[in-house]
Amino acid sequence: MSQTGRIAFGHMDEVIYGTPADLALADLVQRVGAKRVFLMVSGTLNRETDEIEKIRRALGNKCVGTFDRMPAHTPRAAVIAAAEQARAAGADLIVTLGGGSITDAAKAVQLCLANDIRDVAALDRIKAPHPVTPPTVRQISIPTTLSAGEFSHISGVTNEATKTKEMFRHPDVVPQAVILDPEVTRHTPMWLFLSTGIRALDHCVEGVCSNESSPYGDAQALHGLSLLARGLPKVKADPADMAARLDCQIGAWLSMAPLSAGVPMGASHGIGYVLGAVFDIPHGHTSCIMLPAVMRWNRSANAAKQATVAAAMGHPGKDASEVLDGFIRGLGMPRSLAEVKVGRENFDRIATQAMATPWVPRNPRPIPGPAEVREILELAAG
């Protein structure tokens, strides 16, 4: 039987890599014709480094405001606060410099501005799958971590009241452009750089191992996997290795090809959403803990695909879950739920909530109910 498929390309115009962020941004802003640029940035970078000031200098009088108070996991209240500030500033472009929470927040802010969302409750009106008015204020992203949300048209926002991660989406919320500058990642804590690198690796692995994988996504994800497998240990060994940092950034970019082309993720991502929203565990760490366990549990359903993962990581013929386990341990990342103080008394809640995520029901080995999620959690318990 011949293959069939459909690849939908995103609404991103360009990716600029290896050029200093301030220079690349100044050129981009001029080319897109923006006059009122609103910054959403890392508070730490704003207070403790000169990276944000470099960006302000590059923008000159086009910079109309800065928001630097976005907590981890992108809570609703902070999204509304940022949207109100951007609205008051009359922004015609949003520029983000920081990690995934800031990137996701700016995507949600675009929708808030376009749909006149002014309070936390009103976000329900634009939550997927509700129809939304397309954004007119676009985003340029300068990421400092490797979670790669800047290549997605989905924004994950945490509802503080229900402690759940909610999806907000539109093809136009993907950033108009992304600037990959390894120099701005120098300030990122090593644990965060490495763990978000594992998050990107998780995108690659679950994309390749999906029952709905595509040749387009596989080609990019497998190359991304090899770049990350080579680059992350080099950055850990020598934090000043900018070539290795750029390899990791490009690997993270390639890791998003399956997701951006519509390939679903699996149980590692699904369970990770719950661990992040309920227990405030960083998403990089959720992938470090869950991915090897999910691969081990899935092995009976996709052993051939798992073999391509092990080979791309430089270990042909080895068990992929063991390769991943050893690789993550070698980076000094947490490998069990016990290490992040999530005990078995929480497993029923996690399993039930995971079933409601977009990804667990599309895991390559079918997960009919919470009992199977519990089996995976036991493998990751520690």
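Counting other Cβ atoms within 10 Å as a rough exposure proxy, the listed residues F9, F67 run F9, F67 from fewest neighbours to most. When the label point is put 7 Å from the Cα of A8 along its Cα-to-beta-carbon vector, which residues of segment 85-106 have a backbone N closer than 16 Å? Within reach of a label on A8, which here means backbone N under 16 Å from a point 7 Å along Cα→Cβ, segment 85-106 contributes nothing. Approximating the spin labels as points 7 Å out from Cα along Cα→Cβ, the T352-to-D238 distance works out to 5.3 nm.
Considering only A106, A122, A257, the residue lying farthest towards the positive end of the dipole of the chain is A122, judged by Cα position with unit charges set on Cβ. Adding -39500 (n - 2.57) for every DSSP H run of four residues or longer, then dividing by how many residues the chain holds, sets the calculated 222 nm ellipticity at -16000 deg cm²/dmol. Summarising the strand pairing of segment 14-183, around 20 percent of its internal DSSP beta bridges are antiparallel.
Any chance you could check the Cα centroid distance between segment 63-88 and segment 134-160 for me, in angstrom? Between the Cα centres of segment 63-88 and segment 134-160 lies a distance of 13 Å. Here the convex hull built on the C-alpha positions of the chain has a volume of 130 cubic angstrom per residue. The fewest-to-most ranking of S195, S268, S213 by surrounding Cβ atoms within 10 Å reads S213, S195, S268. Provide the net charge surrounding M242, with neighbours chosen by a C-beta distance below 12 Å and charges set as Lys +1, Arg +1, Asp -1, Glu -1. Local net charge: -2. Charged neighbours of L59, selected by a Cβ distance under 14 Å, balance to +2 (K, R count +1; D, E count -1).
Counting every other Cβ atom within 10 Å of each residue's Cβ, C248, C63, C288 order from fewest to most as C63, C248, C288. With respect to the cross-link table entries K165/K305; K35/K107; K234/K341; K35/K127, which display a Cα-Cα separation exceeding 25 Å? Exceeds cut-off: K165/K305; K234/K341; K35/K127.
Our estimate of slack between D280 and W191, defined as 0.36 nm per intervening residue step minus the Cα-Cα distance, is 30.5 nm. Counted by Cβ distance under 13 Å from E212, the other residues give a net charge of +1, where Lys and Arg count +1 and Asp and Glu count -1. In segment 93-221, a dipole from Cβ-located charges (positive for Lys and Arg, negative for Asp and Glu) runs towards its positive end, and of N211, P189, L93 it is L93 whose Cα lies farthest in that direction. Between the C-alpha center of segment 333-382 and that of segment 1-29 there is a gap of 34 Å. The overall shape of segment 197-269 is prolate: from the C-alpha gyration tensor, with semi-axes ordered a ≥ b ≥ c, the ratio a/c is 1.5 or greater and a/b exceeds b/c. Could you tell me which of rounded, prolate or oblate describes segment 80-131, using a ≥ b ≥ c as the square roots of the eigenvalues of the alpha-carbon gyration tensor, with rounded for a/c under 1.5 and, failing that, prolate when a/b is larger than b/c and oblate otherwise? Note, shape of segment 80-131 comes out oblate.
Between A307 and A121, the simple label model (points 7 Å from Cα in the Cβ direction) yields a spacing of 5.8 nm. Here the chain is assigned +1 on the Cβ of each Lys and Arg and -1 on the Cβ of each Asp and Glu. Its dipole about the Cα centre then comes out at about 240 debye.
The numbers here are math on the coordinates, done by the rules we state, and not lab data. Model, not experiment: these values are computed from the prediction. Here Cβ is always computed from backbone atoms with ideal geometry, including for glycine, and neighbour counts include all displayed protein chains.
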